[in-house]
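For reference, the structure discussed in these notes is given below.
Nothing in this text is a laboratory measurement; each read-out follows from the coordinates by a stated rule. Worth saying up front: this structure is predicted, and the values here are computed from it rather than measured. Using ideal geometry, Cβ is built from the backbone for each residue, glycine included, and neighbour counts are taken over all protein chains shown.
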Amino acid sequence: MIQKNNTQHGTSFLVIAASLVIIVWGIVQAQSVLVLMLVALFLAVIGAPLVLWLKDKRIPSVLAVLAVLACMIAILLMIGGLVGTSLAHFSDSMPFYQKRIQEEVQALREFLANKGFTIKDNAVLEYVNLGAVLGLTANLLSGLTSTLSSIFLILLTVTFILLEVSSFPVKLRAILDDPKAEFSQFRKFIDDINHYLLIKTGVSVTTGILIGIWMSILGVDFPVLWGFLAFLLNYIPNLGVVIAAVPAVLLTLIQYGPGHAALAAGGYIAVNFIIGTAVEPKIVGRGVGLSTLVVFLSLIFWGNLLGLIGMVLCIPFTMTLKFALENHEQTRWLAILLGPETPVENIPLVSKKKKSR
């Protein structure tokens, strides 16, 4: 009997593992379509609270959705115009920056030669390549640009999602044949997702504005581009600020030297400390309900699976997975593993042992 149960458990494990592999493979194959849908869903989640608020003010549903879409389009056009212009000028200036870094490397080589260290002419230049270092910025922004090139399809999808927002609970009650169903757990989950995305968006906007202003004060080229990059990558937990700072600090080093580069790096550190360490945790409050290790691993997993969009939305994805696991008795232990550290006194098994003693 025990052997039969073990065989069943082994078979179930293999079926689940095989299903996960097929699902991951399918996500990779449909990456381009999924990314568009995820961007649309992200914009819809951001705009849904405003649509519901307008409907509470007795504004017709269609007008409320159109008003929110008009605001989104205006913001996207403004950001697209500013960032697109800066990105074009940045690409045109690449040869000049390449020349400047070659001059800096040559000066470094001469300095080391005077100290008794002989370096071949091209030995350093082969490893110090501005195009390669700043290629990260170009790849990130080009990936985003290719996604937003389908902006019409994205906004059309957002429109239909927002039109269906208020009717979704009604449809769900009809499916369950329970007109009085409240969906308390589901509502809490949706509130947590909305809470996280809205707060994170506000924090990211503030971070981008502060970085843009600081880089403008320092006189660094393309402050709008660095502010937008800080805003976008601030969604990426732990590593986002570091990735955003590298090209900006490097460009400052090329333009003005080590002193200004140190000031630029200090600005990134100060903004990250004030916003990310002091302000954001207090505003978010209850947090995302995930352990630090899971956040880091989800960043790697979703980033490899869906690229930049996966990195930006890795927290909501993992929160959704944790919610699904929590609502099934057989997978609840996995949800506990994904969550933060649980105090010993909150574990039922431990409390039962204490009572038995």
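Numerical summary
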{"read-out": "Peptides ranked, highest mean first, by Cβ atoms within 10 Å: ranges 153-160, 256-263, 222-229", "value": "222-229, 153-160, 256-263"}
{"read-out": "Under the Karplus curve 6.51 cos²θ - 1.76 cosθ + 1.60, θ = phi - 60°, whole-Hz ³J(HN,Hα) for the range 99-112, x wherever Gly or Pro sits", "value": "5, 5, 5, 5, 5, 5, 5, 5, 5, 5, 5, 5, 4, 5"}
{"read-out": "Three principal axis lengths of the range 288-341 [C-alpha, angstrom, descending]", "value": "33, 20, 15"}
{"read-out": "Selection from 97, 67, 87 lying farthest towards where the dipole of the range 54-107 points positive, charges on Cβ", "value": "67"}
{"read-out": "Least to most buried among 311, 37, 72, 78 (fewest other Cβ within 10 Å first)", "value": "78, 37, 72, 311"}
{"read-out": "Per-residue HN-Hα couplings for the range 64-74 [Karplus 6.51, -1.76, 1.60; θ = phi - 60°; Hz; x = Gly/Pro]", "value": "4, 5, 5, 5, 5, 5, 4, 5, 4, 5, 4"}
{"read-out": "For the range 291-297, Karplus couplings with θ = phi - 60° (6.51, -1.76, 1.60), whole Hz, Gly/Pro x", "value": "6, 4, 4, 5, 4, 5, 5"}
{"read-out": "For the range 191-270, the Rg and Dmax computed from alpha carbons only, in angstrom", "value": "13.1, 47"}
